[in-house]
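Note sheet for the following structure.
The values are calculated or read from the model by the stated rules, or taken from the named source; none is laboratory data. Not measured: the values here are computed from a predicted model. No Cβ is skipped: glycine too gets one built from the backbone with ideal geometry, and neighbour counts run over all protein chains shown.
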Amino acid sequence: MATLQAHCLILACGNTLRSDDGIGPYLAQWAQEKFADSPTIRVISRQQWTPDLAEDIAHAASVLFIDCSLQQAPGEVLLTEVQAAVSDTHATHHASAEQLLALARDLYNNHPSHAQLLTIGAGSTELGENFSGAVLDAIPEACKALERAVRE
């Protein structure tokens, strides 16, 4: 299967039916619209990251992973560098950003030269389609961080 090459690959994950967990897909949709005229930016949104994404990652110059985080304060926006996990990684049906980078490296002998993870602290992952107040307030900052990461 031929993979569409991208200078920057945006990989978002989250469940839109679990309140703040839907911030990843929300930001992916925002990025899709924001960068619609840029053929070098590709956006993929899934409920979870799976090992099959390693091929897309291997063909990108940079990758930006987007997810919510239960380890951060609600609404806190963090943009951090991501390094590939050690090569003995065993990914199952769900993989972390570090595991996916390692799979791209190990399976395709290639991985992006630049990888970042954008996380937004979740206030609630209860059933629902609305964001908490903290995440709603964080959306402008998250969009700015996403745009900065893509343009670097």
| Which pairs do you get when a residue that is among the aromatic types (Phe, Trp, Tyr), found in the range 33-54, comes within reach of a residue that is part of a loop (DSSP other than H, G, I, E, B) and buried (at least 19 other Cβ atoms within 10 Å of the Cβ), reach meaning Cβ atoms under 7 angstrom, with the pair 6+ apart or on two chains? | 49/95
| query | in contact (Cβ under 8 Å) with a residue 24 or more places away in the chain, in contact with a Cys (Cβ under 7 Å, 6 or more places away or on another chain) and not charged (D, E, K, R), is that true of residue 72? | reply | no
| Taking the condition within 16 Å of the chain's Cα centre (by Cα) and at pLDDT below 95, does residue 95 pass? | yes
| note | If we ask which residues in the range 124-148 are out of contact with any Asp or Glu (no Cβ under 8 Å at 6 or more places or on another chain), among the small types (Gly, Ala, Ser) and buried (at least 20 other Cβ atoms within 10 Å of the Cβ), their number turns out to be 2
| note | Out of (1) in contact with a strand residue (DSSP E or B) (Cβ under 8 Å, 6 or more places away or on another chain); (2) in a loop (DSSP other than H, G, I, E, B); (3) within 26 Å of residue 34 (Cα to Cα), the one residue 131 does not meet is (1)
| Pairs, first among the polar types (S, T, N, Q) in the range 102-114, second surrounded by 14 or more Cβ atoms within 10 Å (Cβ to Cβ) and outside any helix (DSSP H, G or I), C-beta under 7 Å, six or more apart | 113/62
